[in-house]
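The structure appears below as structure tokens.
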Amino acid sequence: MDEGTKSTVQKIPLLSVKAGPTEADQWIKRLKEEYTALIKYVQINKEADNDWFTLEAANKMGTRWKGKCWYIHNYLKYSFDLQFEIPVGYPQTPIELQLPELEGKTPKMYRGGKICLTIHFKPLWARNVPHFGIAHALALGLGPWLAAEIPDLASKGLIEPETK
């Protein structure tokens with residue numbers, strides 16, 4: 001993890017409620033912490049002029065999320081739909097971030113466009129349960145994955161930049 005990422009992640013609030021979607025009242029408390037951490041992470045990014053994702057509000061239960069993420073490479077913007085579901089075993093089980101339109105374009109991805117975070121991110125997540133949440137998964141999982149994969153996919157002509 002580079003120093004910039006480390007510095008940013010240290011500013012994201014840690015979560016304390018160890019509950020998943022099947023634990024009704026406790027899940028609501030956890031979800032409030034998730035929203036607080038996400039709001040702070042968005043503020044941090046805006047202050048650093050580093051916006052790179054948006055999330056719509058989750059479904060009523062807070063288990064399905066959708067949004068967009070983007071990466072700038074060689075002054076060109078590459079945008080992708082982002083989605084994920086909170087697994088039943090959350091927070092012990094990390095979320096699986098999906099970029100469906102990239103499915104099959106890189107070996108660092110599973111069926112359904114789920115990005116591969118097994119080697120680097122899952123052990124870090126496991127050491128930080130219940131303190132890591134969605135914002136941490138974006139900062140430590142999706143961000144580095146985009147930085148590694150998008151330049152490679154672009155150089156191979158497997159993705160096209162936005163044409164706006």
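Of all residues in the range 34-69 being assigned to a helix (DSSP H, G or I) and of a type in the set (D, E, K, R), which is nearest to Pro100 (Cα to Cα)?
Filtering first and then ranking leaves Glu34.
Tell me whether the range 18-30 contains one or more residues that are in a strand (DSSP E or B) and touching a Ser or Thr at 6+ places or on another chain (Cβ under 9 Å).
Among the residues of the range 18-30, not one is in a strand (DSSP E or B) and touching a Ser or Thr at 6+ places or on another chain (Cβ under 9 Å), which makes the answer no.
Right, Ser155: open to solvent by 20 Å² or more (accessible area, probe 1.4 Å), among the small types (Gly, Ala, Ser), under 14 Å from Gly67 (Cβ atoms) and at pLDDT 95 or above or not? Quick ask: steps written out before the conclusion?
Values: open to solvent by 20 Å² or more (accessible area, probe 1.4 Å): yes; among the small types (Gly, Ala, Ser): yes; under 14 Å from Gly67 (Cβ atoms): no; at pLDDT 95 or above: yes.
Taking the combined requirement at face value, the residue does not satisfy it.
Would you mind telling me which numbered condition in (1) of a type in the set (Val, Ile, Thr); (2) buried (at least 19 other Cβ atoms within 10 Å of the Cβ); (3) assigned to a strand (DSSP E or B) Ile72 fails?
Unmet condition: (2).
Looking at the range 125-164, which of its residues are among the polar types (S, T, N, Q) and either touching a strand residue (DSSP E or B) at 6+ places or on another chain (Cβ under 9 Å) or not in a loop (DSSP other than H, G, I, E, B) (or both)?
Step one: list which residues in the range 125-164 are among the polar types (S, T, N, Q), which gives 128, 155, 163.
Hit for the range 125-164 is Ser155, nothing else.
With Gly112, Gly141 as the choices, which residue is open to solvent by less than 40 Å² (accessible area, probe 1.4 Å), among the small types (Gly, Ala, Ser) and modelled with pLDDT under 90?
Gly112
Could you tell me how many of the residues in the range 52-68 are within 23 Å of Glu23 (Cα to Cα), modelled with pLDDT of 90 or more and open to solvent by less than 90 Å² (accessible area, probe 1.4 Å)?
Of the residues in the range 52-68, 4 are within 23 Å of Glu23 (Cα to Cα), modelled with pLDDT of 90 or more and open to solvent by less than 90 Å² (accessible area, probe 1.4 Å).
Give the residue that is surrounded by the most Cβ atoms within 10 Å (Cβ to Cβ), with candidates limited to residues of the range 91-108 that are of a type in the set (Asp, Glu) and in contact (Cβ under 8 Å) with a residue 12 or more places away in the chain. Write out each step before concluding.
Here is the first cut: in the range 91-108, the residues of a type in the set (Asp, Glu) are 96, 101, 103.
Pick out the ones that are also in contact (Cβ under 8 Å) with a residue 12 or more places away in the chain and you get 96, 101.
Numbers: Glu96: 19, Glu101: 12.
Step by step, filter the range 91-108, then rank; the result is Glu96.
Looking for whichever is touching a residue at least 60 places away in the same chain (Cβ under 8 Å) and either open to solvent by less than 70 Å² (accessible area, probe 1.4 Å) or over 19 Å from Leu97 (Cβ atoms) (or both) here; the options are Leu31, Leu14. Which one fits?
Leu14 is the lone residue from the list that is touching a residue at least 60 places away in the same chain (Cβ under 8 Å) and either open to solvent by less than 70 Å² (accessible area, probe 1.4 Å) or over 19 Å from Leu97 (Cβ atoms) (or both).
Output yes when any residue across the range 82-90 is open to solvent by 10 Å² or more (accessible area, probe 1.4 Å), at pLDDT below 90, within 17 Å of His136 (Cα to Cα) and of a type in the set (Val, Ile, Thr), and no when none is. Break it down stepwise before answering.
So in the range 82-90, the residues open to solvent by 10 Å² or more (accessible area, probe 1.4 Å) come out as 83, 85-89.
Imposing the further condition that a residue be at pLDDT below 90 reduces the set to none.
Scanning the range 82-90 turns up no residue that is open to solvent by 10 Å² or more (accessible area, probe 1.4 Å), at pLDDT below 90, within 17 Å of His136 (Cα to Cα) and of a type in the set (Val, Ile, Thr).
Considering the range 98-124 alone, what residues qualify as being in a helix (DSSP H, G or I) and either more than 23 Å from Glu162 (Cα to Cα) or of a type outside the set (Asp, Glu) (or both)? Reasoning before the result, please.
Applying the first criterion (in a helix (DSSP H, G or I)) to the range 98-124 yields 100-102, 121-124.
Pro100, Leu102, Phe121, Lys122, Pro123, Leu124, listed by residue number.
Condition check: open to solvent by 30 Å² or more (accessible area, probe 1.4 Å) and not charged (D, E, K, R). Does Ala48 satisfy that?
Numbers: open to solvent by 30 Å² or more (accessible area, probe 1.4 Å): yes; not charged (D, E, K, R): yes.
So Ala48 fits the description; yes.
The values are calculated or read from the model by the stated rules, or taken from the named source; none is laboratory data. As the structure is a prediction and not an experimental result, all values here were calculated from the model. Glycine also receives a Cβ, built like all others from the backbone with ideal geometry; neighbour counts cover every protein chain displayed. Accessible surface is based on the protein model in full, side chains and every heavy atom, while ligands, DNA and RNA are left aside. Shrake-Rupley method; radii C 1.70, N 1.55, O 1.52, S 1.80 Å.
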